[in-house]
1. If I filter segment 663-670 for residues that are of a type in the set (A, V, I, L, M, F, W, C) and touching a Pro at 6+ places or on another chain (Cβ under 7 Å), do I get at least one hit?
2. Does segment 38-57 contain any residue that is of a type in the set (A, V, I, L, M), in contact with a helix residue (DSSP H, G or I) (Cβ under 7 Å, 6 or more places away or on another chain) and closer than 22 Å to GLY157 by Cα?
3. If GLY430 satisfies every condition in (1) within 27 Å of GLY17 (Cα to Cα); (2) open to solvent by less than 10 Å² (accessible area, probe 1.4 Å) but one, which is the exception?
4. Go through segment 124-182 and give me each residue that's within 37 Å of the chain's Cα centre (by Cα), assigned to a loop (DSSP other than H, G, I, E, B) and of a type in the set (Asp, Glu).
5. Just for segment 582-595: of the residues that are open to solvent by 20 Å² or more (accessible area, probe 1.4 Å) and closer than 18 Å to ARG450 by Cβ, which one is nearest to the ligand (Cβ to nearest atom)?
6. When both residues are 6+ apart or on different chains and their Cβ atoms are under 7 Å apart, which pairs have a first residue that lies in segment 245-257 and is open to solvent by 10 Å² or more (accessible area, probe 1.4 Å), and a second that is of a type in the set (Asp, Glu)?
7. Please pick out the residue among VAL634, VAL645 that is within 16 Å of the ligand (Cβ to nearest atom) and either open to solvent by less than 30 Å² (accessible area, probe 1.4 Å) or not in a helix (DSSP H, G or I) (or both).
Amino acid sequence: MYSTAFLDLPPLQQAGGSVQLPGSKSISNRVLLLAALSEGTTEVHDLLASDDTRVMLDALRALGCGVQEAGGGVARITGLGGRQPKSPAKLFLGNAGTAMRPLTAALALLGGEYELSGIPRMHERPIGDLVDALRQLGCRIDCVGSEGYPPLRIAQGDGLPPLRLDAPIRVRGDVSSQFLTALLLALPLVAREQEVVIEVVGELISRPYIHITLELLARFGIAVRHEAWQRFVIPAGSQYRSPGQIHVEADASSASYFIAAGAITAGVGGEKPLKILGVGLDSIQGDIRFIEAAQAMGAQVTGGPGWLEVCRGAWPLKAIDLDCNHIPDAAMTLAVMALYADGVTTLRNIASWRVKETDRIAAMACELRKLGATVQEGADWLSVAPLPQADWRAASIHTYDDHRVAMCFSLAAFNPAGLPVRIEDPRCVGKTFPDYFEALFAVAQTPQERIPVICIDGPTASGKGTVAAAVAQQLGYHFLDSGAMYRTTALAAMRAGIAIEPGQEQRLAALARGLPVRFKDGRIWLDDGDITDAIRAEEVGMNASRVSALPAVRQALVALQLAFRRLPGLVADGRDMGTVIFPGAPLKVFLTASAAVRAERRHKQLISKGISATISDLRADLEARDARDASRSVAPLVPAEDALVLDNSLLTIDEAVAQVVAWWQARQPF
Ligand code: C5P
């Protein structure tokens with residue numbers, strides 16, 4: 001995860017392979033509630049792990065449902081099946097509207113004493129229309145703070161009052177479709193002897209979301225009829241029936257970025273198509289119709305239940321003129337695809353873009369222009385001209401705290417001009433797809449030489465490991481601690497009883513070549529043992545220096561080091577990163593500090609770990625190690641010719657990091 005204000009995407013060439021998308025938030029919470037109301041156990045697969053699903057699971061537990069989280073996105077929910085929930089209960093629902101609204105409706109129709117609250121922001125989100133509808137029915141429900149807002153108290157400890165089910169229940173549909181969804185999910189509880197009718201007051205907005213609700217109800221055995229999306233009838237005798245197992249679909253709008261990446265680059269020259277797992281042709285989400293738009297632009301899309309496969313078809317893409325009212329979120333992706341088309345693409349009927357996370361029409365127009373595009377906009381439309389190769393510019397994309405702006409502009413990294421793209425505030429994708437960029441990098445390919453590498457070489461205890469790790473963290477790049485490889489080889493040799501001396505060079509090289517080492521989440525594993533701390537011992541460091549002087553061992557570790565050069569970039573620290581392993585790296589830093597300062601730093605480090613040592617001994621050791629590293633015949637410790645030397649004797653870590661990042665920034669085209 002990047003700590004940065006920006007993430008630089010190197011130019012990408014192709015996308016292929018398969019990507020698993022995370023489960024949709026709104027489907028996850030609907031499914032959990034339906035499972036909780038059903039008889040028996042429902043095994044829910046691909047549940048989204050997020051704050052909003054967490055509070056729902058906790059609430060269901062508090063209400064007496066069986067909740068077993070089996071890991072890997074699987075949860076087993078044993079429903080109430082007509083039993084009363086545990087009462088009284090206090091439920092804290094964070095900022096999850098998808099938990100607050102339906103739980104309110106369900107608990108109001110079940111009897112019992114409940115308090116539902118959330119974070120302060122939740123208490124500013126209206127729920128009055130739903131509360132009114134439930135009161136009309138006869139439920140006893142109070143707003144504890146301001147009228148029309150949570151927290152809420154449901155006071156039916158002495159049982160459910162008689163409900164007025166004869167007249168249609170009226171609910172407004174023009175503010176939020178979530179109130180109607182809440183009623184649709186909960187009213188089957190009381191549709192036993194008689195049918196229950198809901199009438200929408202005002203034009204119903206967000207129909208695709210109601211469609212999702214109806215589809216999920218059907219999977220749980222409730223067949224709701226509707227007349228022109230204004231009158232909904234829940235038949236008498238309705239009963240929730242668990243489907244046994246259910247898969248939560250991925251968010252169809254999230255799929256749009258991968259469908260687009262496939263349309264732009266996948267399957268070219270016999271390469272692999274791009275397979276998208278988690279959402280498929282059987283999707284119940286409105287945004288799945290993005291596929292039709294992508295096909296109209298030339299994409300070849302096939303698929304089945306829960307999967308899609310995309311290849312480039314027409315190239316350049318075909319320009320389209322499309323009414324996008326049915327796919328408002330996913331249509332943003334088309335605006336970036338338009339850069340790769342054969343004429344002007346116009347997206348119409350997108351007025352809702354103006355009132356989303358940001359004014360999305362203005363945002364898209366402004367950022368597309370930064371890339372060099374010719375864009376026109378109107379109150380409810382946007383047109384984008386294709387961008388010839390020579391006109392592309394490297395741009396820093398402002399993302400307006402809008403996850404979709406960030407995700408769609410990542411597609412500009414496939415530009416034919418081979419330019420990088422900077423995404424500002426990349427973590428805004430966390431709203432729906434926290435690992436979006438990791439997922440993109442896992443399927444995107446680009447020639448190795450286009451993946452940036454920053455080399456930080458220098459002597460022992462110069463601080464390069466700390467500085468390199470911090471630079472990597474800031475830039476969102478991978479981190480290679482090449483010294484750890486020599487240390488691991490030394491440790492493995494010590495454990496295997498192989499003497500570290502020139503006579504054993506071939507055995508040691510064989511050991512290095514087959515080293516069962518894994519680097520994961522900042523820890524280092526040898527076979528199944530965590531050796532992160534063990535390799536830091538002074539003795540291992542000294543042996544690492546000996547083993548690293550053997551040419552065959554160095555050669556044996558080359559491939560392992562090169563494999564760290566992965567998207568979106570690498571910061572590599574060692575002795576020969578800039579001279580031998582990555583000679584073409586665009587930034588090389590030689591980090592030094594005086595022997596006195598280094599001995600002192602090492603001394604502090606050891607003391608803090610409770611290891612005693614004297615500064616003079618440490619200094620002698622450091623100097624011996626430097627001398628060996630600098631005088632060996634292969635890959636001696638010397639600054640690369642084009643390295644920038646940074647003496648950090650008098651700098652803090654933050655200052656050294658800032659200097660390296662500043663040098664890096666100065667070389668970027670943004
Ligand atoms: O950087 P660190 O102290 O962990 O490295 C341990 C030893 O590995 C160094 O003393 C050096 O001899 C060797 N090494 C190397 N080439 C590298 C990194 C480390 O020879 N790229």
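The values are calculated or read from the model by the stated rules, or taken from the named source; none is laboratory data. This is a predicted model, so every value here is computed, not measured. Ideal geometry is used to build each Cβ from the backbone, glycine not excepted, and the neighbour counts take in all protein chains shown. We work out accessible area using only protein heavy atoms, side chains counted, and drop any ligands, DNA or RNA first. Shrake-Rupley method; radii C 1.70, N 1.55, O 1.52, S 1.80 Å.
1. Our first condition is that a residue be of a type in the set (A, V, I, L, M, F, W, C); within segment 663-670, this holds for 663-664, 666, 670.
Filter once more, keeping what is touching a Pro at 6+ places or on another chain (Cβ under 7 Å): none.
Checked segment 663-670: no residue is of a type in the set (A, V, I, L, M, F, W, C) and touching a Pro at 6+ places or on another chain (Cβ under 7 Å).
2. no
3. Just one mismatch for GLY430, condition (2).
4. The answer is ASP174, and nothing else.
5. Per the stated criteria, the residue is PRO583.
6. What qualifies is GLN245/GLU43; HIS247/ASP46.
7. Numbers: VAL645 fails: within 16 Å of the ligand (Cβ to nearest atom).
Checking each option against the conditions leaves just VAL634.
Residue by residue, here is whether (1) within 26 Å of ALA470 (Cβ to Cβ); (2) of a type in the set (Ser, Thr, Tyr); (3) free of Cβ contacts under 8 Å to residues at least 12 places away in the same chain holds:
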{"site": "ILE615", "(1), (2), (3)": "yes, no, no"}
{"site": "ALA620", "(1), (2), (3)": "no, no, yes"}
{"site": "ASP626", "(1), (2), (3)": "yes, no, no"}
{"site": "VAL638", "(1), (2), (3)": "yes, no, no"}
{"site": "THR652", "(1), (2), (3)": "yes, yes, yes"}
{"site": "VAL661", "(1), (2), (3)": "yes, no, no"}
{"site": "ALA666", "(1), (2), (3)": "yes, no, yes"}
